[in-house]
Amino acid sequence: MNESRPESMSSFWMPFTNNRDFKAHPRLLVSAQGMYYKDVDGNAVLDGTAGLWCVPCGHAQPKIVAAVSEMVGQLDFAPTFQMGHPAAFDLAERLMDYTNHKFGHVFYTNSGSEAVDTALKIALAYHKARGDAGRTRLIGRERGYHGVGFGGLSVGGIGPNRKAFGPLLPGVDHLPHTHNLGKNAFSRGEPEHGAELADELERIVALHDASTIAAVIVEPVAGSTGVLIPPQGYLKRLRELCTKHGILLIFDEVITGFGRLTTPFAVDYFDVEPDMMTTAKGLTNGTVPMGAVFSKKFIHDAFMEAPAGIELFHGYTYSGHPLACAASIATLEVFKEQGILENAKSLQPYWEDAVHSLRGLPHVIDIRTIGLVAGIELESILGKPGARAFAAFKQAFADGILIRTTGDIIALSPPLVLEKKHIDELFGKLAAVLKNLD
Ligand SMILES: Cc1ncc(COP(=O)(O)O)c(C=O)c1O
């Protein structure tokens, strides 16, 4: 294992990174175990973000490590185009069980971005398969994050992610976001105000006509934009409106899937069922890249009524990669055997209280929590949006905790295997960082 500093950092063009700043002041992780990373200097760093929201079961889970190691020696690769391998089918059945059979089929991808683009394409092709080819519009939401493919970018609503990349997909519209500090600041769980924002879909339908709209995609809880929690009743209302207008509803559960809200999916937490659900991240505990689109049976079945032949001209070389399947099967077993959801549930009130204990510290203008997620919003420095939270991120890392920031919002989403002592360490150190922040 290479635990030393690289000789040069110039060639790796890092994603979503201030490359020049990073390379001047690098933060290098060299190993991970349970709740902690170790940095290149040998310091322990408590993982307050489950990597990038993707390690619910904690790092280096022996069962997952063993499953991947075994599979790489047995079947390093197998195509899933006109071929197959048992683990891909086995995993699909297990995933149906894990969703409590709320969905009938799963399509594998390699990432959340690919899952989103796949779901959008399935939505378009579904309507076409039913002879409703005029339904081509896609509706996203302001401040939504659906990855970085052209489909996901187009329905996404984060300005800096979009504006360098031209006109994106045509025929896309956006619902308003639901963030309302004036009415909902310092909320626990679903905020009280804003369900009526779902009715904006009626405005979009009036503008374009329902017969032109294929799908609406939203994150049940928006994560990457800074933890925006849906107002009470909002998702149910959106479901009702989509059903009323024959529009498919897609939940992007790339971060909410696999336990983040203490339930298997946000679908279970909010008791609202979309027609498709996109997932990735926790699906393999972050060990091997994988994404998956879950679809209701009726969507899949519409394709199976076509004349014999390939039903959907879509897929990736690595769809259902054997290593990813092995990692995911082991992840589902770890969830069950180690009571990961139960642990998350039992710690949720302690987590929530710990986060809200930061209220009153300098610059903190909002705190919002749901499941094992927290958003801590800081007042921006005039003319320098994002600078204050980024300074907090750097200091936190130096002090041994990994947090994540977007704009001036700190987003926390630890592995679900954490214990009270980790919560104490995380918020003890974070409070000290915030107290000393300019
Ligand atoms: C809701 C949501 N959708 C899609 C994505 C994109 O996933 P990936 O980075 O695996 O492409 C993310 C990533 O954070 C996400 O949070």
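Derivation of every value follows stated rules applied to the coordinates shown; laboratory data play no part. Note that the structure is a prediction, hence the values are computed from the model and not measured. Here the Cβ positions follow ideal geometry from the backbone for every residue, glycine too, while neighbour counts run over all protein chains shown.
Summary table below
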{"read-out": "Residue order, fewest to most beta carbons within 10 Å, for Met9, Met277", "value": "Met9, Met277"}
{"read-out": "Glu377, Glu202 arranged by Cβ crowding within 10 Å, fewest neighbours leading", "value": "Glu202, Glu377"}
{"read-out": "Rule-of-thumb Rg ratio for the chain [Cα; 2.2 N^0.38 Å; N residues]", "value": "0.97"}
{"read-out": "Neighbourhood net charge (13 Å Cβ-Cβ; Lys/Arg +1, Asp/Glu -1) for Tyr316", "value": "-1"}
{"read-out": "FRET efficiency for Thr317 and Gln232, using Cβ-Cβ distance with R0 set to 45 Å, rounded to 0.05", "value": "0.55"}
{"read-out": "Chymotrypsin sites (Phe, Trp or Tyr not before Pro) restricted to segment 216-264 and DSSP loop, no more than 14 other C-beta within 10 Å", "value": "none"}
{"read-out": "Set of lysines near Lys128 by C-alpha distance (under 21 Å), chain-local residues within fewer than 8 positions excluded", "value": "Lys244, Lys296, Lys297"}
{"read-out": "Considering only segment 65-337, percent of DSSP beta bridges that pair antiparallel, nearest 5", "value": "40 percent"}
{"read-out": "Loop trypsin sites (Lys or Arg not before Pro), segment 339-438 (other Cβ atoms within 10 Å of the site Cβ: 14 or fewer; DSSP)", "value": "Arg359"}
{"read-out": "Other-chain or far-sequence residues with amide H under 5 Å of Gly34's (modelled H)", "value": "His59, Ala60"}
{"read-out": "Euclidean distance of C-alpha centroids, segment 334-365 and segment 143-196, integer Å", "value": "25 Å"}
{"read-out": "Solvent-free Debye scattering, log10 I(q)/I(0), computed from the Cα coordinates of segment 30-177 at q = 0.15, 0.16, 0.17 Å⁻¹", "value": "-1.11, -1.17, -1.21"}
{"read-out": "Under 20 Å from the Cα of Lys435 - lysines, other chains or at least 8 residues apart", "value": "Lys384, Lys394"}
{"read-out": "Using θ = phi - 60° and Karplus 6.51 cos²θ - 1.76 cosθ + 1.60, couplings along segment 166-173 (whole Hz; Gly, Pro as x)", "value": "x, x, 6, 6, x, x, 10, 10"}
{"read-out": "Calculated [θ] (222 nm, deg cm²/dmol) that DSSP helices of n ≥ 4 give over the chain, each run adding -39,500 (n - 2.57)", "value": "-11000 deg cm²/dmol"}
{"read-out": "Note, ³J(HN,Hα) from phi for segment 286-296, Karplus 6.51, -1.76, 1.60, rounded to Hz, x at Gly and Pro", "value": "x, 6, 10, x, 6, x, 7, 10, 9, 10, 5"}
{"read-out": "Spatially proximal lysines relative to Lys63 (Cα-Cα < 30 Å; intrachain offsets below 8 disregarded)", "value": "Lys38, Lys102, Lys281, Lys336, Lys345, Lys420, Lys421"}
{"read-out": "Footprinting exposure proxy for Ile250, Ile139, Ile310, Ile423 (fewest neighbouring C-beta atoms within 10 Å first)", "value": "Ile310, Ile423, Ile139, Ile250"}
